[in-house]
Every structure is written in structure tokens, then in C-alpha cells.
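Structure first, then comments.
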Amino acid sequence: MFALFDKLQSKQRAWSEKRNSLNEESTNGSQSLVPKQDAHRTPATQPNDLWVRAEEKLRQNRELDKILTDSAKILESDYAIYEKERKWVIHLGNHSVSVGEQIANISKNVVALKDLITPAASLSPPASLACAGIIACFSMVVQAAEQHALLLQGLESTSGLVLRLHVMENLYLHSRPKQGVDLLEEFQGTLVSIYSKILEFQARAVCYVHRHSASQLLRDIFKWDGWAELLEGFETSQKSLDRFTSLIGHAELTQKLEELNTSHERDTWTTTPARDERVKKFFNLLYTCPYKDRKDRNSKRVPGTCKWFTSHPIFKDWQQRTNNEFPGLLWVSADPGCGKSVLTRYLVDEVILNTVDRTVCYFFFKDDFPDQKSATSALSVILRQLFIAQPQLLQDAVLNKQETDGQKLVQSFSELWNILVSVSGNSKAAEVICILDALDECQDGDRRQLISAVKDFYLGPHKSSKLKFLITSRPYDHIRRGFWELEKQLPTIHLSGDSEEEVKEISHEIGLVIKKRVDDISDQRSLEKDERDMLAQKLNAVDNQTYLWVSLTLDVLENIPSFTKGNVRRVMKDLPTAVDDAYEKILARSSDKGKARVLLHIITVAMRPLSLQELSFALAVSADHDSLTSIRDDMEPKDRFRKTLRDLCGLFVVVIDEKAYLLHQTVKEFLRWKHSILPEESNQILAEICTSYLTSRQDDLYEKVIDEEMFDKYSSCYWSAHFRLACVREGSPLLIRAQRLCNPMSGIYLRWSKSYRSMEGPLPAGATTLLVASTLGLAGVVNALLATGKVDIDIKDFYGHTPLSWAAENGHEAVVKLLLATGKVDIDSKDSNGQTPLCLAASYGNAAVVKALLATEKVDIEAKDSLYGQTSLSWAAGNGHKAVVKLLQEHQ
């Protein structure tokens, strides 16, 4: 493909030299792509090259003449400078189902076009210009394919047409001179017409994707009144051509085109370059969570809202300024329920869009699933979005890290942050905007690390970088303190409003939401005008409204069984004045508060979103059944359970894509502080459900039914995590079941460990119960085993790992302390690679474990592994674990 770009550039230079030797036209000064006739001579005949005739036809229009000239300049200057070095990978464009087929078609055509940038096309500079324009435009637009549907449609049409027309012209005009003169002249005229349309299309498209001044003549090319007409012109011309080929037989044409397409399809799509495979694997590694789905969990804005923010002077100033002028960080603070996530989705979807000169990456933090409250998860998907949009930034040095670091790469904040800062500072990088929503919902340690990194970035030499941040959060002091050194420079917008005028604008927009929801309810319930007016008036009369309060209150009203004026008046008299009041009313209407509590416990701490089938099955398991048969008998089908979930939990739970989520972060806070649904108890309930299910599978030949297969995987992967986070008392049934599950000699272990290894990570090979429990961090099980006095505390697996090695590597501080407390453990035991527990803990950045090992004063800090000869300090420094490096240096 790069050879093709080189050919284009050499042709462009040749065109430029040829034009420089010509006299400027006396009329408008535009330069043609071909030599002009002497000004004092009249050509006896029209040019033989149909592309030249097409160009002359196009240049008769002054506006199109300028666009064509400017597009040629772009291809000779801007394009030659940037595109030669661009690491263009065709596969990166196929990221949208709606345009995937078009991307594939255009890609095949673009590869085939290289045959036209050879002797036949060299005789016709306008033909080469059309090909060059299509290729350049495609390589630019592929990074924003979702936003350029019309341009892709035109690219698909023109790229295929140039190939087809090239074959047709050679086949019918040059190889069939004895065809009827009139017919051939008509055919030539049609070709000239369609060639001129292709030239016009590529000129407009090139000017657009490069945001050239000429495109201002057209306003927005995608809203230009003649755009649809231009695309329709392709179809009309093709029909005329088909009429001609049908008269003289088109079997040979079809054969030639098939031969052309087949050869290039084989060359391009069958043989996948090794680098493309590495890129795919790298993107899979960075795909740590379904970030687009998590964004779309948030509601779309009501039309007319969010305008006060997008027109705010601080926001507009932040958009327009570069890091050279001002730190590119904007902090948007908002109280609970003020609509910050709805606003953020609106900014990503409709306001701050990807362009040729800008890439927008986003992450929505949520305190409900581990992958959505992790800073490393956020940085991973941000890098993924950035490299998809700007593939030229994905250098081999970055790709090599997946081979050297593997999964550790997406677990290292320092590595990911350094990559982001480095690539965004690349001279070939476009502006990079990172939008982070709900920073307050990022887990504590990660949030501090992210704030510190952003702060240090803007306090350092950041002015040459094109990296900017928009961060939303609640207005917590600890977040503001994190940015205190930037406070004088840090632009901040409070969504609750900083002035009386802003409060009025926000109140007006909340009024729009009320009007929209009231209109919807009125239409659904066939309310009279006076009923509609009364409802709107009552809602607007409440002070200190928030978007969340409006949503909850109207949901309560919407679900009144009998929607009469009397019922509405009675509900309105007792209208909740705050979000917590609304939550209390929702909970009070539950049909079974006991079952509702169990479901809320489960949903609150689930490690990933649970489907309706999984929730139904979990609820059935929680009922203390003694067999799988009775559990199945008590499980509701999905569609029936959907209604049960609504009756039990009301508006606390929303179902999106058949998965259950809490309505809002404030729901978790309300349940925790007002109804004592605490994480320790919630995790114990879910641990009991998972372990009860797994230990109920007595038969090795047991086959799961479809509805419980996903819950089986969930239980296998996460039972140990819930156990760790629970408060398990000595002698409890949960502790006994956990010990059974850790016994590697049992059939139960063999079943769940298979799913765990494939999805979560390694388990000891040649294990004992103590090794398994130490690996999983199950302090209660380890303590019970040590109490028997019958376990080998330094037992090794096939790779020389002891229980202390596994616990240290996985960061299980409680288990490490239990093993150290025995006074019998070999603290410097080495595995098959010569690594000690301290070396493993330091390598993985487990600072708390390192501190516990150092506190014994018995650990060998200078011990070196046998594989690379590195000490614990070397491993920690090499992997960027600053806290561990500091601890080790203090103890040297």
C-alpha cells in the first residue's frame, strides 16, 4: 500500500512540474491538470482523453474549478507530507456494523486502483487525480467511519466505478473501433459526464476531510443541497452505461472485472500481515470493558437541555484553546442527580465529535463493577479508542509491550499513562481529548493515582502535547485538594450553577424535562388538558429540583394503578421533596421486602452485570433448596421474572440489554446508609449462593441447562472474590463449603477450576487445599487449615510455588500475615525461576505484602532470581511500581 502512496506522490510532483511550465489562464487563474492548447489556436478536435474532457467540463463552473484546483493542491502538499508516514491498516475501519461492508468494498477497490496509477493512468493526470483523491479521502475518513455515512457511500460508488469504467473504456472504445459511430459517441459522452461527477466528488471530499477553506463554499458538504443529486447522478450514469453494454454484450466486461477483483481479493484479504494480527491482539488486550455499552447506560438528553453548558464561556474557551495557551483541563462538578452523566453522553455523542484534527476518547466510571471503577481499565480503553482513530500513533515499540508485558500491561497504571502521554506528544498526533465521567466513582487508590498523574502532567512541560481532559465528578473536597496546585489555572463549571442567571437557565432546562415527561404520560394515559396542566404546575412548584428527582417522581406518578384526578391530587399532596424521600416511597411499595432485599444485595455487589436469567436462578438458590431439581422448579422464566423484579424492586433497578443495573449511584448510597445493605453482608449472601450452587453439583456427568450456564460460569469465577470480601465467621456453613471447593482431589474442584482458569487466571499445578486457598486469598480457609496443625506450610506445586509465594504474588495481605504468624514458613523459598515471595510481590506491585514481608526483618532483599538475575528492587523499578521501590530503598 505504501508503494501506491509513493506512486501518487511522484505523479503529483510530475503534475506540479508540468503545470509550472504552463501559462496561467487569463480568465480566472486556475491551473488545469493537463497542458493547455496555445491561446491563439483553436483545437480542431476534442481531446482524446475522456478524463481531460471531463475536467474541462467541470472547470466551466467557477466554484467547481476552485474546488478542483484546491483539492489537487491538498493532494500535492498536505497529503504528501502526512500520508506517506501514516501506518494505515485497513482492518481498523471495520468497527461499525453499519459501515463494515462498505469499508470492505472500498478497501478492495482502493487496492485494485493501484493498477490505474500505472501506464494507462499516467497518460491521464485527471484520472490519477480521481484515484488519488479517493485513496487519500478513504484513509482519512476510515478513522471516523461512524460519522461519515454519506461520504462512505460516495467512496464506495466512485472507487468501484473507476475500476469498472477503466475496463469498459479499454474494452469498448479501444478494442472495438468498428462499433457504430453514433453509439460510441453517446458512450463517450456518458463517460465524460460520469468522469466529471467523479472528479467533482473526490474534489469536494478531499476539501472536506482536510477542512480546507474551499469547503466553506459548500457549507457542510453532508448537508449540501446538491449532494444527494451528485450521488444519484452516479446511478443514472451507470444505468446509461448498462444500456450501452447490453447492446454489444457485456459477458467479457463481467469476466474482466471478476478477474481484477478476484486477484486483489486474494492478495489483500487472504494473506493477513503479521503486524495486523499483532494489532488485533493488542486491541483485544486493551478491551478491558464494554465502554460503549457503559456509556449508553445513561439516558439521552431531552431536546433543549444541556445548552446552558455548551454555551458556557468556560467550556467554549476550553474547547478553543490549546495547551500552549492554557492547561487543557476542565473540571465539571455536580451534586448527585444533577445530570452530569447525561451531559457527558451528550458531549461525546453530539458535541465534541471525532474529526480529522481531533480524537475524542471517553470512559464512564461507575461504582458497581470492578472494571468500571478502575483507572487502568479507563486508560486501556482510552488508548484503544485513540489507536483506532489515529493508527499512525501505534508504533512497534508500543506493540512490543504486549509480548514483553502481556496482561501486566493493562494492570500497570504507570505503563499505560506513559504510553498515553508519549503518543499524544507525537508530532503526527491530532488533538486528543479524554472525557472521564464520574471520577468520584473511581476506586480510591486509582483515583488518587489518576489525579496525581493529571496534575503532574499539567505542572510539567505539557505545552507541546495535544492531550486535553474534561473530567466530571461530585464536588468533593478530596478531589479539589488533589488538584490544588492547579487551582488558580483550573477552569471549573458547577452544574448546579454559580450565579443566579445560571440557576435560572438550569431551572428552565429542568422545566423542559418535566414538560416532556408530562406530555409522554398524558399521551399514554389519555389525560385531559386540565389534568396535564395540573400535573405540570404541581411539579414545577417544587423548589430545588434535580433531574434525578424529576425522573423518580414522574416514575412514581406514571405507575399509579388508577390514573384519576383524585389519585393524582392525593399523590401530589405527599410528593417526595428529595431523592431519598422518593426512594423510601419506592421501597415501601415492594410486594415482598425480604426477596427485594436479597435481590438488592446481589445486584449491589455483583462483579459484573447479571442477566435476568442469572438473577432468577440466584434468587431460587437463595431459598435454601436441597437439590438442583428444587432450585429449577423455583426459578421463573425470564419474561415472567422481569415483572417480578419490577414488583419487588420498583425503580431501584433498571434492565438494559436483558441485564440488571441499579438506577443510580445514589441508590447504593441510600440502601447502604438508610437500610444497612452493607458490602460485607451483600458479599456474604452472594458467596453463599455461589458456593451452595457449586457444591450441589454432585454428579460428574451433570449437564447444565441453558438458563443456568452463565450463572455456573459466574459462580465458578467469582465465588472466591465474594468470600474474600465477606465477613465469614469460624465454623459457618460458608466456610465449610469453601474448604470443600478448595480440595483439588474432589470432582467439585475440577469442575469450577476449569472455568476459573480460562477466565480469571492460573491456579496451582499439583495443588493441595492450602495452596489453592492461599492462591485465592481465602484467609478463613487458610486459618482453619493451619489450626489443624496437619498441613505442610511450605508445600510446593509443580513450579516450586509455596502457599506464601502464591499469596504474595496475588497480593493477599491477610493470608501472607497468617502464614508469617506461624513462625515456621520459609520466607525466602525460591520457585523454579529462583523468585522469592518478596520478588513476586515486588514484581506485581503489591505494596502491602512487601511491607508485611519487610516487617519480619528476616527477608533477603538482595536475593536474585535465576532467570534474569534481578533483585526485588529491579523488578519493582522495571515495572514502574514507585511505592514498592520506595519501601525497598528504605530497607536497604
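The values are calculated or read from the model by the stated rules, or taken from the named source; none is laboratory data. This is a predicted model, so every value here is computed, not measured. When we count neighbours, we look across all protein chains shown, and the Cβ atoms used for this are built from the backbone with ideal geometry, even at glycine. When the accessible area is computed, the model is the full protein with side chains, heavy atoms only, and any ligands, DNA or RNA have been set aside. Shrake-Rupley method; radii C 1.70, N 1.55, O 1.52, S 1.80 Å.
With the cut-off at under 20 Å, measuring from each backbone N in the stretch 847-878 to a point 7 Å along the Cα-to-Cβ line of VAL421 picks out 876-878.
Using a cut-off of 30 Å between Cα atoms, the listed pairs LYS373/LYS851; LYS373/LYS713; LYS455/LYS515 include LYS455/LYS515 as exceeding that distance. Could you sort out which of LYS790/LYS830; LYS295/LYS638; LYS281/LYS796 sit more than 27 Å apart by Cα distance in this structure? From the list (LYS790/LYS830; LYS295/LYS638; LYS281/LYS796), the Cα-Cα distance tops 27 Å for LYS281/LYS796. Maximal additional length on extending the ARG697-ASP456 stretch stands at 81.4 nm, based on 0.36 nm per residue less the C-alpha distance. The GluC sites (Glu not before Pro) found in the stretch 835-892 that occupy coil by DSSP, while having at most 15 further C-beta atoms within 10 Å, are GLU857, GLU862. Charge tally for SER591 (other residues, Cβ to Cβ under 12 Å; Lys, Arg +1; Asp, Glu -1): +3. Full extension of the chain segment joining HIS508 with LYS593 gains 26.8 nm, where the gain is 0.36 nm per residue of separation less the Cα-Cα distance. If R0 is 60 Å, the Cβ-Cβ spacing of GLU658 and ASP49 corresponds to a FRET efficiency of close to 0.50. Which FRET efficiency, nearest 0.05, do ASP533 and LYS428 yield, Cβ-Cβ r, R0 56 Å? The pair ASP533/LYS428 has a calculated efficiency of 0.40.
The residue among LEU615, ALA687, VAL655 whose Cα reaches farthest toward the positive pole of the charge dipole of the stretch 590-715, with charges on the beta-carbon of Lys, Arg, Asp and Glu, is VAL655. Please find the FRET efficiency linking THR322 to THR404, where r is the Cβ-Cβ separation and R0 is fixed at 51 Å, and quote it to the nearest 0.05. Between THR322 and THR404 the formula returns 0.90. Amide H contacts of LYS659 (H built 1.01 Å from N, in plane; Pro and chain starts excluded): no residue 5 or more places away or on another chain comes under 5 Å. 3J(HN,Hα) couplings calculated from phi for the stretch 518-534 with the Karplus curve 6.51 cos²θ - 1.76 cosθ + 1.60 (θ = phi - 60°) are, in sequence order, 5, 4, 5, 5, 4, 5, 5, 9, 6, 6, 6, 4, 5, 5, 4, 5, 5 Hz; Gly and Pro show x. Listed values for the stretch 665-671 are Karplus-derived 3J(HN,Hα) couplings in whole Hz (6.51 cos²θ - 1.76 cosθ + 1.60, θ = phi - 60°), namely 4, 5, 5, 4, 5, 4, 5, and x replaces Gly and Pro.
Which residues in the stretch 600-633 place their backbone N less than 20 Å from a point set 7 Å from the Cα of HIS675 along the Cα-to-Cβ direction? Once the point is set 7 Å along Cα→Cβ of HIS675, 600-607, 609-612, 615-623 turn out to lie under 20 Å by backbone N, inside the stretch 600-633.
When ARG697, ARG481, ARG589, ARG672 are compared by accessible area at a 1.4 angstrom probe, the order from most to least is ARG481, ARG589, ARG672, ARG697.
Residues ASP647, ASP794, sorted by accessible area with the largest first, give ASP647, ASP794 [1.4 Å probe; ligands and nucleic acids excluded].
Students often get this wrong, so check it: of LYS66/LYS197; LYS66/LYS468; LYS280/LYS340; LYS408/LYS468, which have C-alpha atoms separated by over 24 Å?
As for pairs spanning more than 24 Å Cα to Cα, those are LYS66/LYS468; LYS280/LYS340; LYS408/LYS468.
Each residue of the stretch 628-634 is assigned a 3J(HN,Hα), and the resulting list reads 5, 4, 5, 5, 4, 5, 8 Hz, derived from the Karplus form 6.51 cos²θ - 1.76 cosθ + 1.60 (θ = phi - 60°), x at Gly and Pro.
For the stretch 278-498, the per residue solvent-accessible surface stands at 38 Å², with DNA, RNA and ligands left out and a 1.4 Å probe. Per-peptide packing, taken as the mean over residues of other Cβ atoms within 10 Å, places 368-380, 435-447, 654-666 in the sequence 368-380, 435-447, 654-666 from highest down.
In this label model, ASP826 and ASP580 are separated by 5.7 nm, measuring between points 7 Å along each Cα→Cβ vector. Shown for the stretch 278-498: the carbon plus sulfur share of the solvent-accessible area, taken with all protein chains present and a 1.4 angstrom probe, equals 47%.
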